[in-house]
Amino acid sequence: MHWSEEIAQRIIARNPDKEEYVCAAGVSPSGSVHIGNFRDIATPYFVCKALKKLGKKARLLCSWDDYDRCRKIPANVQAVVGDAYDKYIGTPYVDIPDPWGCHENYAQHFENEFMEAMKRFGIEMDYRYQGDMYRSGKYTKDIIEALEKRGEIFEILDSFKTKDMSKSEEQRKAEHDEEKKNYYPVSIFCPECHTDFTTITHLSDDCTEADYTCRCGHSGHFNFLTNFNCKLGWKIDWPMRWRYEGVDFEPGGKDHAAPTGSYSNAKVISKNVFNYEAPLFQGYEFIGIKGSTGKMSSSSGLNLTPDTMLRLYEPEIILWLYAKTEPTKAFDFCFDDGILRQYFEFDKMYNEYVSGKASDHNASIMESCLAEGKAICTVPMNLLVQLGSVVDFNIPMLETVFEKIGTPYKSEQFAERLERAKFWLEQCAPDQVNRLRATRNWDVYETLSDTEKAEIKLLFEAITAGGYTLDELNAILYAIPKKVHGEDMDEKALKGVQGAFFKNVYRLLLDKEKGPRLYLFLFAIDAAKYLPLLDFSTPKTAEEEAPVVEEAIEEEPAIVYGEPDPVAPVKPEIDMDEFSKIDLRVCKVIKCSEIRKSHSCLKLTLFDGEGERVIVSSIKNEYKPEQLIGRKIIVVANLKPARLTGVTSKGMLLAGTNNACGCKVIFVDDAIPEGTAIR
C-alpha cells in the first residue's frame with residue numbers, strides 16, 4: 001500500500017461520515033517558492049488522490065499566506081531594488097509593490113509564478129488568499145474569540161517554552177504574570193507606516209476595541225468589528241483556519257513536527273481554544289540538492305523553483321520522486337549524473353506499469369504521479385545527452401542517428417526531453433558536452449607508442465572500408481587491440497590495452513578520455529565528419545601548426561577583506577589527557593545544501609569512515625555547496641549534538657576565521673582516508 005493511501009485510511013477512520021475531506025497546504029509568497037516547499041503541495045495532493053481512489057470526495061486547499069509580515073528581502077529582489085525595500089519590513093506582502101512592476105503587488109508576483117508552474121503539473125487547487133480573507137472580515141468573530149481567550153492562549157504557548165532555570169521561581173512567576181498581562185494574540189497594522197510594529201495599550205472588556213501605539217509615533221483606536229487591518233499570530237492563525245476550512249489533513253516541515261514546534265502548539269490551541277480537533281498532521285523531511293548547479297547558480301542567478309526544475313525534469317518525474325519517497329525520508333534533486341539515473345529508473349518503472357508487470361506498490365506510485373490520459377515517451381535520457389551534443393541538438397540529424405542505431409525515435413517523441421537534456425548539459429554539466437575537434441590532435445598522437453598508433457591506423461582503415469553493422473563495429477573495436485598486441489594475451493592484460501585504446505580514440509576525437517559508448521558514437525555519426533581526425537598520414541596543416549590560444553576564463557569578482565585581526569594571546573596550557581579527549585576525524589563531504597530560513601548556515605552530510613553524519617556550519621556566505629562536495633575536512637567528532645536552525649548537528653568542522661580572510665575551512669589531502677584520526 002502506498003503511504004498516501006495509509007494516510008487516507010486514517011483520515012477516513014477519524015471522521016467516516018464526512019461529506020468532503022479537506023487536504024490543506026500553506027505557501028508563503030515571501031519570494032520565489034523553492035522546490036523544497038513543493039512537498040507542502042505534493043504530500044496533500046497525493047493524499048487527496050488516494051481519498052478519491054477510495055471513493056471519497058476530497059478537496060486540495062492551498063492557502064497563500066500573503067497577509068504575513070515581510071521579515072526580510074530575498075537576494076534576487078535586493079538585486080533589483082537594493083536597500084529601497086528595507087522600509088517594507090513588517091508590512092504585509094499584499095501591501096508591498098511588485099519590484100518588477102508587472103503585477104499588482106509583491107505577493108501576486110510570486111503567487112502567479114508558482115501557480116503557472118502548478119498548471120504544468122496538472123495540479124488543481126482551491127486557492128485562498130489570506131489578505132482577502134482577513135480584510136473582508138471573514139475572520140472577525142475568530143479574532144474576537146482569540147482575544148477573549150488570550151489568557152488561555154498565553155498559558156498554552158508558555159507551556160512549550162524552555163524555562164530559564166538560572167532565575168528563581170519568584171522571578172519566573174513575576175515575568176510570567178507581566179508577560180501574560182501584556183499579551184495579545186493579534187497584531188494591528190499601522191495605517192501610517194503600514195507595518196505591524198504596534199503595541200496594544202488597552203483592550204475593551206468585550207474585546208471589540210483597542211488602543212495602540214506604533215514605533216513610528218502614530219497612536220490610534222481600533223475597532224475589530226469594522227476595521228480588519230490586523231492579523232492573528234501564526235500559532236493562533238493556523239488552528240483558527242483549520243476550524244474555518246474544516247481541514248482534515250495538512251503536512252509541514254519536520255521543524256513544525258518537533259515536540260515544541262508550531263504544530264504541537266497549534267494542536268493544543270485548536271482543541272482547547274477553538275474547540276476543533278486538529279487535522280491529521282504529517283511532518284516531512286526536507287529536500288536535498290546533489291551535484292553542482294554550475295551556471296544556474298553563478299552567472300544566470302536562477303532560483304530552484306518548480307518552474308526552473310521543470311526545465312530539467314518532466315513534471316511526472318518530479319511528482320514520481322515525491323510519490324516514491326515517504327514524507328519522513330529525504331531525497332535529492334540531482335544536477336550531476338544522478339539525474340540520468342533518475343530518468344532511467346522512472347522509465348523502467350513506467351514501462352513495467354504500462355505493460356502490467358509492475359508490483360502493486362509501484363503501480364500505486366505511478367498512478368499517483370501520472371496525469372490521466374497522458375502517455376510518456378521513454379526515450380533514454382542518457383542517449384539524448386550523449387548523442388544530442390554531438391549533433392549540436394539538431395533534431396533531423398538526431399532522428400537520423402536514432403534510425404541508424406536501430407531505435408527510430410521521431411522528434412515528437414523526444415523533443416521535450418531533448419530540451420531538458422540540452423539545458424542540463426549547458427547549465428549543469430558543460431564538461432560532459434561531446435563535440436568533435438576541428439583539427440587533428442597532434443599533441444596526443446605524438447605521445448602514443450608505435451603499437452597505439454598502429455591501433456589508430458587500423459581503426460581508420462576499418463571505418464573507411466565501411467560495410468559493417470552496429471554489432472560488427474562493436475566487435476571490430478574490441479578486436480583491434482588484440483590484433484596489434486597478439487592473440488595470446490591473458491584476459492586482464494587484454495582489457496587493459498582495450499581500455500587504453502578506447503581512451504586514445506576519445507582523446508583524438510573529443511579531447512576527453514571518455515565519452516558516449518564508442519561503437520554507438522562511431523556508427524551514428526557521419527564517418528566523414530570524424531575520419532580526418534584519425535588520419536595522420538599527411539603533414540600538419542597551417543592551422544594545426546598555429547599555436548593554441550587559450551580562452552580567457554571569466555573570474556568571479558574577488559571578495560575584499562580587511563586588515564588581519566590582532567593575534568590573540570595563547571590560551572592556558574592543557575596536558576595530553578585533556579587534548580586526547582577531543583576526537584578529530586577526517587570526513588568527506590558527500591552532500592551539502594542550504595538550510596531553509598537560515599541566512600548563514602549550510603547543512604553538510606559527511607562520511608566519517610563508519611557511516612553518515614550531519615553537521616551544520618555557518619559558512620554559507622563563504623562557500624557554495626558545490627565547492628564543498630567531495631572535499632575532505634576535519635571534524636570534532638565527539639562534540640555533543642546540538643540543534644541548530646532546525647537540524648541536529650553532530651560535530652563541528654575546523655576553520656580559520658580572520659578579518660583578513662573571512663572564514664576558511666581547513667581541507668585535508670584527498671589521499672587521507674575518511675575516519676583517520678588527527679593527532
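Taking 0.36 nm per residue of sequence separation and removing the Cα-Cα distance, the Val570/Lys329 pair yields an extension gain of 82.2 nm.
What is the distance in Å between the Cα centroid of the range 146-177 and that of the range 13-79? Between the Cα centres of the range 146-177 and the range 13-79 lies a distance of 32 Å. Here r is the Cβ-Cβ distance between Asp211 and Arg71 and R0 is 30 Å; the resulting FRET efficiency, rounded to 0.05, is 0.70.
So what is the diffusion coefficient of the range 200-331 in µm² per second by Stokes-Einstein at 25 °C and 0.890 mPa s, using a Kirkwood Rh over Cα pairs?
Working: Rh = 19.0 Å.
Roughly 129 µm²/s, to the nearest whole number.
Spatial offset of the range 245-285 relative to the range 317-360 amounts to 30 Å, using the alpha carbon center of each.
Projected label points at Thr451 and Ser359, each 7 Å from Cα along the beta carbon direction, are separated by 4.9 nanometres. Taking only the C-alpha atoms of the chain, the Rg (one decimal) and the largest Cα-Cα distance, Dmax (whole number), read 31.2, 102 Å. Largest accessible area first, the residues Asp347, Asp583, Asp490 order themselves as Asp490, Asp583, Asp347 under a 1.4 Å probe with ligands, DNA and RNA left out. Full extension of the chain between Asn229 and Lys173 yields a length gain of 16.8 nm, computed as 0.36 nm times the residue separation minus the alpha carbon distance.
At 0.36 nm per residue, minus the direct Cα-Cα distance, what do Asp126 and Lys483 gain on full extension? Give it in nm, one decimal, please. Provide the component values of the computation, followed by the final result.
Numbers: separation 357, 0.36 × 357 = 128.52 nm, distance 6.99 nm.
121.5 nm is the gain from fully extending Asp126 to Lys483.
Compared with the dominant principal axis of the Cα atoms in the chain, helix 395-404 is inclined by about 60°.
For the listed peptides 172-181, 335-344, a ranking on the average number of other beta carbons within 10 Å per residue, highest first, reads 335-344, 172-181. If you plug the beta carbon distance of Glu491 and Ser618 into 1/(1 + (r/R0)^6) with R0 = 41 Å, you get a FRET efficiency near 0.15.
Tell me, how many Å apart are the Cα centres for the range 419-441 and for the range 609-657? Centre-to-centre distance over Cα atoms comes out at 34 Å.
Working note: Karplus 6.51/-1.76/1.60 with θ = phi - 60° gives the range 160-167 the couplings 8, 7, 6, 7, 7, 6, 6, 9 Hz, where Gly and Pro are set to x. Heavy atoms of the protein chains alone define the surface here; on that basis the chain has 51 Å² accessible area per residue at 1.4 Å probe size.
Note on Lys664: lysines with a C-alpha under 21 Å away, same-chain residues under 8 apart excluded, are Lys588, Lys591, Lys603, Lys620, Lys624, Lys632, Lys650.
Of all beta bridges DSSP finds with both residues in the chain, what is the antiparallel percent, to the nearest 5? Each step should come with its number before you reach the end.
On the way: 42 of 63 bridges.
Antiparallel: roughly 65 percent of the beta bridges in the chain.
Listed by chain and number, the lysines whose C-alpha is less than 25 Å from the C-alpha of Lys357, apart from same-chain residues fewer than 8 away, are Lys49, Lys52, Lys53, Lys324, Lys348, Lys374.
A simple packing score, the average count of other Cβ atoms within 10 Å per residue, orders the peptides 470-482, 380-392 as 380-392, 470-482, with the highest score first. With a Förster radius of 60 Å applied to the C-beta separation of Tyr468 and Ile678, the computed FRET efficiency comes to 0.55. Charged side chains reduced to their Cβ positions (Lys and Arg at +1, Asp and Glu at -1) give the range 472-536 a dipole of some 260 debye around its Cα centre.
With 18 Å as the limit, write out which pairs from Lys235/Lys271; Lys410/Lys514; Lys410/Lys512 have Cα-Cα distances beyond it, or answer none.
On the way: Lys235/Lys271 13 Å; Lys410/Lys514 28 Å; Lys410/Lys512 30 Å.
Listed pairs above 18 Å: Lys410/Lys514; Lys410/Lys512.
With respect to the chain, whose longest principal axis is taken over its alpha-carbon atoms, helix 491-510 is tilted by about 80°.
To the nearest ten degrees, helix 234-245 and the longest principal axis of the Cα atoms of the chain are 90 degrees apart.
The values are calculated or read from the model by the stated rules, or taken from the named source; none is laboratory data. Here the structure is a predicted model, which means the values were calculated and not measured. No Cβ is skipped: glycine too gets one built from the backbone with ideal geometry, and neighbour counts run over all protein chains shown. Just the protein is used for accessible areas: all its heavy atoms, side chains included, with ligands, DNA and RNA removed. Shrake-Rupley method; radii C 1.70, N 1.55, O 1.52, S 1.80 Å.
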